[in-house]
Amino acid sequence: NVRGGGVANQCLIEINPAQLDFGAIRVGLTRSIETTIINRGAGSCTLREVVTEHVAGDAQNTFAITQNVELGILPPMSSRPLEITYSPRSSNPVGEQGVLVINYVGPFQNARHHDAEALLTGVGAQAVIGATPAIIDFEQTTANTCASPPFRIGAANAGFVPLCALGFELEGPDCDGFLVTEQPEFGECLSLQRNEAASFLVQFEPNRIG
């Protein structure tokens, strides 16, 4: 008697990378990441469905397939690219989790359905800018004749996501008495990463007693 065992022409779908971390994205923006569906087996796989499912977090902060794959037969040791886009619409410091699910079957009749999965994570965050220091006391300065010593103020990115500063302005009923003597170059966009600050030099030149 001759006995043997084994699995011939088995297909095996792998998603690479199997975890897509979109990081912190400013609300209203999007980020796309490409992953790859690979048949690691010796037999052809039939791709039946490719979907994303929301697992945790705010449901309006979505993971969507923005470049899908053609369903049907995926030959052995071949691959197809797939693009996922994260689109946060609200701030959620806890973040979102989702899963990319590839449903497929092997080459044999009545073959069992299988799922390959990849984890999706991302955080929606608001752009936040703050002043350092938050309050400056120029103390007493003689009106019309003197100016205070200059003070340096930082406009800092106090949030979790990079921001683009376009300019600045002084506001308030007495803002004419404050003079910005040094400011950063904004250009089309002054990019500030997390905890990075733009520096201003300001002094007080009172034009009336008060």
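The values are calculated or read from the model by the stated rules, or taken from the named source; none is laboratory data. This structure is a prediction, so every number in the text was calculated from the model and none was measured. Backbone-built Cβ (ideal geometry, glycine too); neighbour counts: all protein chains shown. Side chains are part of the model used for accessible areas, which takes the heavy atoms of the whole protein and leaves out ligands, DNA and RNA. Shrake-Rupley method; radii C 1.70, N 1.55, O 1.52, S 1.80 Å.
Segment 55-210: D in µm²/s via Stokes-Einstein (Kirkwood Rh, Cα pairs, 10 °C, 1.306 mPa s)?
On the way: Rh = 20.9 Å.
In µm²/s, the coefficient is 76.
Assuming 0.36 nm per residue, please report the length gained on full extension of the stretch Asp174 to Arg48 beyond their Cα-Cα distance. Spell out each step's value before the answer.
On the way: separation 126, 0.36 × 126 = 45.36 nm, distance 6.77 nm.
Net length gain for the segment: 38.6 nm.
For Phe151, list long-range residues whose amide hydrogen, built 1.01 Å from N in the peptide plane, is under 5 Å from its own amide hydrogen.
Long-range HN contacts for Phe151: Val202, Gln203.
Taking N as the number of residues in segment 34-147, what is its alpha-carbon radius of gyration divided by 2.2 N^0.38 Å?
Numbers: Rg = 25.6 Å, N = 114, 2.2 N^0.38 = 13.3 Å.
Relative to the 2.2 N^0.38 Å estimate, segment 34-147 comes out at 1.92.
Return one whole number: the accessible area per residue of segment 128-207 in Å², for a 1.4 Å probe. Working shown, then result.
On the way: 5360 Å² over 80 residues.
Averaged over the residues of segment 128-207, the accessible area is 67 Å².
Which cross-chain or sequence-distant (5 or more) residues have an amide H under 5 Å from the amide H of Asn61, H modelled 1.01 Å from N in plane?
Arg89
What is the P(r) of segment 155-210, as percent of Cα-Cα pairs per 10 Å bin from 0?
Cα pair-distance distribution for segment 155-210, in percent: 21, 41, 27, 10, 1.
Karplus couplings for segment 147-159 from phi (6.51 cos²θ - 1.76 cosθ + 1.60, θ = phi - 60°), rounded to Hz, Gly and Pro as x?
10, 6, x, x, 10, 9, 10, x, 9, 9, 6, 9, x
Run the accessible area of segment 76-198 with a 1.4 Å probe and give the carbon-and-sulfur part as a rounded percent.
The value for segment 76-198 is 52 percent carbon and sulfur by accessible area.
Sum up the charges of everything whose Cβ sits under 15 Å from the Cβ of Thr36, counting Lys and Arg as +1 and Asp and Glu as -1, but leave Thr36 out. Intermediate values should be presented prior to the final figure.
Details: positive: Arg40, Arg80; negative: Glu14, Glu34, Glu70, Glu83, Glu117.
Spelling it out: positives minus negatives among the neighbours equals -3.
Once the Cβ-Cβ distance between Arg112 and Ala64 is put in as r, and R0 is 30 Å, what FRET efficiency do you end up with, to the nearest 0.05? Could the numbers behind the result be given before it?
Values: r = 29 Å, r/R0 = 0.96.
About 0.55, to the nearest 0.05.
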